[in-house]
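Structure first, commentary second.
The values are calculated or read from the model by the stated rules, or taken from the named source; none is laboratory data. Everything numeric in this text was worked out from a predicted model, so none of it was measured. Reconstructed Cβ throughout: ideal geometry from the backbone, glycine too, with neighbour counts over all protein chains shown. Just the protein is used for accessible areas: all its heavy atoms, side chains included, with ligands, DNA and RNA removed. Shrake-Rupley method; radii C 1.70, N 1.55, O 1.52, S 1.80 Å.
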Amino acid sequence: MKIEFEINNTRREVDSPPMRRLLDVLREDLRLTGTKEGCGEGECGACSVIVNGEVINSCLVPVCQTAGASITTVEGLAKDGRLDPLQQAFLECGGAQCGICTPGMLIAARALLDINSQPTRDEIKEAIAGNLCRCTGYVKIIDAIEKAALDP
Amino acid sequence: MAVGQNVLRKEGVEKLTGAARYIDDIALEGMLYGKTIRSPLARGLIKSISFDTDFDWSPITVCDWRDIPGENFVALIENDQPLLVARDVRHAEEPILLIAAESRTLVEEAASRIRIEYEELTPVLSIEESLDCREIIYGDDNVFKRFLIARGEVDEGINQGDLIIEGCYRVPHQEQLYIEPQGMIAIPTDTGMTVLGSMQCPYYVHKALKQLFNLSDEQAVVIQTMTGGGFGGKEEYPSMIACHAALLAHKAQRPVKIIYDRAEDIAATTKRHPGVIRHRTAVTRDGRLTASEIDIVLDGGAYVTLTPVVLSRAAIHALGPYRCENVRITARAVATNTPPNGAFRGFGAPQVAFAYEMQMEKIALRLGIDPLELRRINMLKEGDITATGQQLRWSVGSEDVLNAAVERSHFREKQEAIQIERASGDSRKRRGVGLSFFFHGAGFTGSGEAKMKARAGIEITDQGRARVLSSSTEIGQGTQTIFCQIVADELGIGFDDVEIEETDTSRVPDSGPTVASRTCMVVGRVIQLAAREIKEKIKRFAAELFGAPEIDLMEGRFVEGGKVLASFAEVAREYAAQNGKLKVESQYASPMGVEWDDDSYSGDAYPAFSWGAEVAEVEVDMDTFEVSVLKITTAQDIGRAIHPLLAAGQIEGGTLQAVGYGLTEELVWDQGRIVNRMLTNYIIPTSMDAPDMETVIVEKEYPHGPFGAKGVGELPMDGAAPAIAAAVLNATGAFVSEIPVTPERLMMIHEGTRRESNED
Ligand code: FES
Ligand code: FES
């Protein structure tokens, strides 16, 4: 089945069985491997992408459901070679250690800041509650998101 | 200066843009997908294996144990763990067959067409079953390994005490749960085999691969890809997966990728050793320890693997950071028919730390002494002697960390506030505050580092930059960054002028495994020595070149008498033109006077210890018995912090893993198989569960570490579980002797305690 959508502001078309996971289409067909698989069951958030403004777990979504949608993956955050303020803040605050949860975290944080530019620490915690990190204890991730909100 | 500064991490940007390539992000031309067929049974004999004849097997590569060219073992301490079962199944999820095909769907389809029949044998599934020896599964008593640490006269010590206090503590399995599951790609080459993958120890994999195909050092090539967390879980098991992928690749003569899914990763790979730890302590009424008898039993699982080393660390740390003249520590590791337990951050120490700290709580309770006071009375200080007879000569931050944790957390004020609150009536939500005090030996135990002789080096590139050559892996903790900082400062060049060679066994020397909090302290030191030698060489050369005997290298420039003569890069290029490539390799040597005796298990167990103290504040819901950790204040003496931000990140991350260990992480077993093998039912802390954390880094410099650094990786894993249990005790009066402190467990203890006090 031919499916068209917009990824990171570029129109793309893929030819894929409709029930394939969006995650696999992104990683295998489009070679956008920044989106990760940590569990394949909607629990870890490593596969988070933004679809029409909402964060979803791409391991749970069949690709056919995203026809016509606008999708943002971690590869779409930096613009014209400049890091997104969130990426810059993660870099400075130590928000990424092993980095495997980072794409998902950045995506969840981007979606949060897009609707709430000055979140409290509790709101940040809630926004990333679906994204597991085993390295950081979350402290520096929350610091980074707070910082990005303060100086965007 | 770079050391002590929070420079941006070397591999930082690629991790943020999605450009970083982890093993599953790599796809090669003609690559097959491999899968492991495992035993559902904990113990038995394979009777037959049959392949569905209605299925087309021609596109499938199948390997069994007969495809192994050399010996059927994963190379580690003892050759006892097979790569593939020939006949005897010793634990559930043990690998039996390997299959590979062009697509994952096809591989799954093929897997469903294989039937294996077994003759079932009675499995040994717990420490108790192993110790009762009704079934013998290892040697003649199921014991893998024993240690004895003895000091002073225990009987005399008992006589000197006024009271004997006994305790029995239980600690569970714990899953590392790195977010990137394990994975490898093997590529057959003209001369041998190349393996890429997620790992902590490239040279372990290298050794296993060499043994498997009988290859030379050069024929086997192992390359670490960006690794999404390890925590010990990627210390030994990657060798198994690498060999599996290599067997398939060898047979198919095509690249083969094996990536575990989460369920397979949880079910089949190593866990933290569960254990039972008994304490018998003699104390005087004023709280001095006069004798301590400790017995440790750890469950090693089905094969020896790293168990003896874990047991050794457990035994050495068993008394805790306390003074006691008369000590007898007995330690055993036993075999069970469960997947082998292995390395996990802390490596035996978190287990015994829970036990020794809860024993201190018990003693405090029984003597009516304040728990903080009891720690102060008995804590090890500089000049004191540990259970193995090691005199603490340097870098002892014990008092500093305890004071810092107590002050920063307002421990005393909180204790009082809770007392007042308690007196003003019963609330359904009760607060509690508890503390723990702990230490962790950095580097390999005993003679380990002296035998390992870690190697690392530096070369000067054609561009005139310094490149670090080491097999120590970056697994998120910041290896690459701190190595570059050390080199920059020692050499006298900028941080940006130092780079890291790819972790590839054909390009970097064996620095030993990335484990045991040794990367910074031990390998960092070796790299510092290499940098020192490079500096000497190039300075001598520059002195001659410019006829400037007093020349020095500072911030990337050669200067004499305040005059800049040339840049480092210019001189380096000139050096290369005249003398060829400048490259130095150094080797670790134990500091003078650090001595250990393997036979009596005594002496300097570690060149230095890191020290920690932690205060946990909890709230317990007295209806549901749910425990929320509100705040953790932790003070840790790690020597000089090369990169304070990264060090704090280690402390925070390790502390949260320890919160999971203490509160929620528990495996459910059924007939030797793990039932909860998903993230929906194996519960690690989320951002909502994470307490507020305040971290204080104490820097008691270690004279033989690079710029005074010690280890930081594991210490943070030791303190949270006992601090939380102590806070729960403070909140509820329930004395917890087993973790995790689940609501069910807490309710049972609480009911029991209430009944006891009613009967009193
Ligand atoms: S991979 Fe999708 S939530 Fe874990
Ligand atoms: S940085 Fe490793 S899992 Fe988050």
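Against the conditions (1) away from ligand 2 (no atom under 16 Å from the Cβ); (2) more than 7 Å from chain B (Cβ to nearest Cβ), A:Glu41 satisfies every one except (2).
Within the stretch B:233-264, which residues are outside any helix (DSSP H, G or I), within 12 Å of another protein chain (Cβ to nearest Cβ) and open to solvent by 10 Å² or more (accessible area, probe 1.4 Å)? It would help to see each step written out before you state the result.
Filtering the stretch B:233-264 down to residues outside any helix (DSSP H, G or I) leaves B:233-236, B:253-261.
From what's left, within 12 Å of another protein chain (Cβ to nearest Cβ): B:233-234, B:259-261.
If the condition is that a residue be outside any helix (DSSP H, G or I), within 12 Å of another protein chain (Cβ to nearest Cβ) and open to solvent by 10 Å² or more (accessible area, probe 1.4 Å), then B:Ile259, B:Asp261 are the ones that fit.
Among the conditions (1) of a type outside the set (Asp, Glu); (2) open to solvent by 70 Å² or more (accessible area, probe 1.4 Å); (3) assigned to a helix (DSSP H, G or I), the only one that B:Pro549 does not satisfy is (3).
Regarding the stretch B:234-249, can at least one residue be identified that is outside the structural domain of B:Gly346 (by TED's automatic domain parsing), in contact with a Phe, Trp or Tyr (Cβ under 6 Å, 6 or more places away or on another chain) and more than 16 Å from ligand 1 (Cβ to nearest atom)?
Quick first cut of the stretch B:234-249, residues outside the structural domain of B:Gly346 (by TED's automatic domain parsing) only: B:234-249.
Keeping just the survivors that are in contact with a Phe, Trp or Tyr (Cβ under 6 Å, 6 or more places away or on another chain) gives B:239.
The next check asks that each one be more than 16 Å from ligand 1 (Cβ to nearest atom); those that pass are B:239.
Scanning the stretch B:234-249 turns up at least one residue that is outside the structural domain of B:Gly346 (by TED's automatic domain parsing), in contact with a Phe, Trp or Tyr (Cβ under 6 Å, 6 or more places away or on another chain) and more than 16 Å from ligand 1 (Cβ to nearest atom).
Which of the residues spanning the stretch B:657-693 are of a type in the set (A, V, I, L, M, F, W, C), touching a residue at least 40 places away in the same chain (Cβ under 8 Å) and buried (at least 18 other Cβ atoms within 10 Å of the Cβ)? Give the derivation first.
The initial filter retains those residues of the stretch B:657-693 that are of a type in the set (A, V, I, L, M, F, W, C), namely B:658-659, B:663, B:667-669, B:674-675, B:678-679, B:683-684, B:688, B:690, B:693.
Now restrict to residues that are touching a residue at least 40 places away in the same chain (Cβ under 8 Å): B:658-659, B:663, B:667, B:669, B:674, B:678-679, B:684, B:693.
Of everything in the stretch B:657-693, those that are of a type in the set (A, V, I, L, M, F, W, C), touching a residue at least 40 places away in the same chain (Cβ under 8 Å) and buried (at least 18 other Cβ atoms within 10 Å of the Cβ) turn out to be B:Ala658, B:Val659, B:Leu663, B:Leu667, B:Ile674, B:Leu679, B:Ile684, B:Met693.
Being more than 13 Å from the chain's Cα centre (by Cα), within 16 Å of ligand 2 (Cβ to nearest atom) and in a loop (DSSP other than H, G, I, E, B), is that true of even one residue in the stretch A:23-36? No: zero hits. B:Phe735 meets all of the listed conditions (1) under 26 Å from B:Glu421 (Cβ atoms); (2) assigned to a helix (DSSP H, G or I) but one, namely (2). Each residue in the stretch B:341-360 was checked for being open to solvent by 10 Å² or more (accessible area, probe 1.4 Å) and touching a Phe, Trp or Tyr at 6+ places or on another chain (Cβ under 8 Å), and 1 pass.
With respect to (1) more than 30 Å from B:Ala589 (Cα to Cα); (2) at pLDDT 95 or above; (3) open to solvent by 20 Å² or more (accessible area, probe 1.4 Å), the lone exception for B:Glu759 is condition (2). Candidates in the stretch A:64-94 are the residues that are acidic (Asp, Glu) and in contact (Cβ under 8 Å) with a residue 24 or more places away in the chain; of these, the one that is most open to solvent (accessible area, probe 1.4 Å) is A:Glu92.
Selection of strands (runs of 3 or more DSSP E) fully inside the stretch B:161-227 by the criterion of at least 3 residues being surrounded by 20 or more Cβ atoms within 10 Å (Cβ to Cβ) and of a type in the set (A, V, I, L, M, F, W, C) returns B:183-188, B:193-197, B:220-224.
Tell me which of these A:Gly104 doesn't satisfy, since it passes every other one: (1) under 21 Å from B:Gly654 (Cβ atoms); (2) more than 7 Å from every other protein chain (Cβ to nearest Cβ); (3) within 10 Å of ligand 2 (Cβ to nearest atom). A:Gly104 satisfies every listed condition except (1).
Just one residue in the set B:Lys710, B:Lys700 is surrounded by fewer than 24 Cβ atoms within 10 Å (Cβ to Cβ) and either among the charged types (D, E, K, R) or more than 23 Å from B:Arg431 (Cα to Cα) (or both); that residue is B:Lys700. Residue check: is A:Thr136 within 10 Å of chain B (Cβ to nearest Cβ), away from ligand 2 (no atom under 16 Å from the Cβ), open to solvent by less than 20 Å² (accessible area, probe 1.4 Å) and of a type in the set (S, T, N, Q)? Considered against the rule, which asks whether it is within 10 Å of chain B (Cβ to nearest Cβ), away from ligand 2 (no atom under 16 Å from the Cβ), open to solvent by less than 20 Å² (accessible area, probe 1.4 Å) and of a type in the set (S, T, N, Q), A:Thr136 comes out as no. Number of residues in the stretch B:448-459 that are within 15 Å of B:Glu585 (Cβ to Cβ) and open to solvent by less than 10 Å² (accessible area, probe 1.4 Å) equals 4. With respect to being under 21 Å from A:Lys125 (Cβ atoms), within 16 Å of ligand 2 (Cβ to nearest atom), part of a loop (DSSP other than H, G, I, E, B) and without any contact (Cβ under 8 Å) to a residue 40 or more places away in the chain, A:Gln97 fits the description. Every condition in (1) part of a helix (DSSP H, G or I); (2) out of contact with any strand residue (DSSP E or B) (no Cβ under 7 Å at 6 or more places or on another chain) is met by B:Gly342 except one, and the failing one is (1). If you go through the stretch B:105-128 and keep only what is in a helix (DSSP H, G or I) and open to solvent by 80 Å² or more (accessible area, probe 1.4 Å), you end up with B:Thr105, B:Glu108, B:Glu128. Restricting the search to strands (runs of 3 or more DSSP E) fully inside the stretch A:43-94 and requiring at least 1 residues that are farther than 28 Å from A:Arg134 by Cβ and out of contact with any helix residue (DSSP H, G or I) (no Cβ under 8 Å at 6 or more places or on another chain) gives A:70-72. Among the residues of the stretch A:141-152, are any touching a Cys at 6+ places or on another chain (Cβ under 8 Å), acidic (Asp, Glu) and either open to solvent by 20 Å² or more (accessible area, probe 1.4 Å) or part of a loop (DSSP other than H, G, I, E, B) (or both)? Scanning the stretch A:141-152, I find at least one residue that is touching a Cys at 6+ places or on another chain (Cβ under 8 Å), acidic (Asp, Glu) and either open to solvent by 20 Å² or more (accessible area, probe 1.4 Å) or part of a loop (DSSP other than H, G, I, E, B) (or both), so the answer is yes.
Conditions (1) more than 16 Å from ligand 1 (Cβ to nearest atom); (2) under 21 Å from A:Gly137 (Cβ atoms), marked per residue:
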| residue | (1), (2) |
| --- | --- |
| A:Gly94 | yes, yes |
| A:Gln97 | yes, yes |
| A:Ala108 | no, yes |
| A:Ile115 | yes, no |
| A:Asp122 | yes, yes |
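Looking at the stretch B:7-53 only, could you name the residues that are over 19 Å from A:Glu28 (Cα atoms), within 14 Å of chain A (Cβ to nearest Cβ) and small (Gly, Ala, Ser)? Hit for the stretch B:7-53 is B:Gly12, nothing else.
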